[in-house]
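This report concerns only the one structure given below.
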Amino acid sequence: MKILITNDDGIAAPGLSALVKAAARLGEITVVAPKREQSGKSHGINIHDPFEIRRVEYEGAARAYAVDSTPADCVRFAILGLKEQFDLVLSGINRGYNMGEDISYSGTCGALFEAGTQKAKAIAFSAEWNNLEAAVPYVEPVLAFIEKHNLVEKSRLLNVNIPPNAKGIRMTRQGGPYFTDTFEKAGEDTYYQRGYCVHQNNHDLGVDTDATVDGYVTITPLWICRTDTETLEKVSGLSADWE
């Protein structure tokens, strides 16, 4: 099996190394990861300026590249630039959960969505912000669970969040708001965004935010299509023709 591994915390991040080690039994690993942190870059790509892509040594990888751009561009270079097809793309392990509405901002999940755009199967992994080490032992059992149940055959894109001291695994849907921000003045004409949690826990183990906070590894099937199918079904008979 040919495996591509990326992240958004940067090629030197410990979560990337942990994911490479956990995936070693699955096959040959190629690492293509950002040169520097790219958190919050979502599915962004660089289409106007040249950027550095440097081959580097990386323990556990057959080959590795540091890319001075976003996680999505890392996936694009691996597939379009190297002209390779990968059996599986892994992204993470991110330092900080990516769940609920925060998924739309995530560079970790941006790599996942780019993999989907390129017709690849992919899994994103995220852990509690200040407790990455506690998530590492669960990665291999989660990968085994996904293999056992053929989950990437059922849904090509899976988003995994791993809390410390996990009680088990739950299949979930995307929840609502988890973080929001305030703008704080840092100087003349400059501001910081400061995040804070707004999650309201209803202890619904079918929702990624609730189940993760309640101590379960959550696996959420995602997709790149953003059509509101419920509304479209309601208005599907509407049309207009112009003479």
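The values are calculated or read from the model by the stated rules, or taken from the named source; none is laboratory data. Since this is a predicted model, take the numbers as computed values, not measurements. Positions of Cβ are backbone-derived with ideal geometry, glycine not excepted, and every protein chain shown enters the neighbour counts.
Some observations on this one:
- Total residues in segment 5-22, condition more than 18 Å from R36 (Cα to Cα) and touching a helix residue (DSSP H, G or I) at 6+ places or on another chain (Cβ under 7 Å): 1
- Filter result for the condition that a residue is within 24 Å of E153 (Cβ to Cβ), surrounded by fewer than 22 Cβ atoms within 10 Å (Cβ to Cβ) and among the basic types (K, R), over K21, K2, K83: K2
- Residue match in segment 193-205 (condition: without any contact (Cβ under 8 Å) to a residue 60 or more places away in the chain, surrounded by fewer than 18 Cβ atoms within 10 Å (Cβ to Cβ) and among the β-branched types (V, I, T)): yes
- Filter result (modelled with pLDDT of 95 or more, assigned to a helix (DSSP H, G or I) and charged (D, E, K, R)) within segment 206-232: D208, D210
- Exactly one residue out of L112, L132 is under 27 Å from R226 (Cα atoms), in contact with a helix residue (DSSP H, G or I) (Cβ under 9 Å, 6 or more places away or on another chain), of a type in the set (A, V, I, L, M, F, W, C) and surrounded by 14 or more Cβ atoms within 10 Å (Cβ to Cβ), and it is L112.
- Answer residue from segment 206-239, given it is among the hydroxyl-bearing types (S, T, Y) and free of Cβ contacts under 8 Å to residues at least 24 places away in the same chain and is surrounded by the fewest Cβ atoms within 10 Å (Cβ to Cβ) among those: S239
- Scanning segment 139-169 for residues being farther than 19 Å from D210 by Cα and of a type outside the set (A, V, I, L, M, F, W, C) gives a total of 10.
- In summary, strands (runs of 3 or more DSSP E) completely within segment 126-189 and bearing 1 or more residues that are among the basic types (K, R) and in contact with a Leu (Cβ under 6 Å, 6 or more places away or on another chain) occur at 169-171.
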